[in-house]
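Inspection log for the structure reproduced underneath, given as structure tokens.
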Amino acid sequence: MGVMSAHQHTLAQSQRYRIYHEFEAVFLDTPDRKSIVIGDFYGGPTAAIIDRDERCCEVVGCGITLYYLRSPFQPYQIDARSPQWATFHSGATDTRGG
């Protein structure tokens, strides 16, 4: 996992993944050492959880993002639809994928 800056705050960590945020952007460190955006929360996120089988994670704040922990680890984009994630009650359009 990469070097943390003073603005990075870890929200959740498992054997293979780490979820952290810098201000309003939420990032995932993947097993191959990539760091990708998995959410964006007005006011910043408040919590995250990685399921025990490392199949998905949820990040909450102003809304909820469910992100599936599988290839191709597509970076999150506001108002975009993807089978990689689903968003709920974020103020942006709900994007149910999966």
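Quick note: the coordinates plus some simple rules give every number you see, no bench work behind them. Computed from a predicted structure; not experimentally measured. For neighbour counting, all protein chains shown are included, and Cβ atoms are generated from backbone atoms with ideal geometry for every residue, glycine included.
Annotations
- Neighbours of Q74 by Cβ distance under 13 Å: Lys/Arg scored +1, Asp/Glu scored -1, total +3.
- Percentage relative contact order, the chain, counting C-alpha pairs under 8 Å, at least six apart: 17 percent
- Take 37-46, 79-88 and order them by the average number of nearby Cβ atoms within 10 Å per residue, most first; the result is 37-46, 79-88.
- From most to least packed by mean Cβ count within 10 Å, the peptides 18-29, 64-75 give 18-29, 64-75.
- Shape class of the stretch 3-85 from the Cα gyration tensor (axes a ≥ b ≥ c, square roots of the eigenvalues): rounded, since a/c falls below 1.5.
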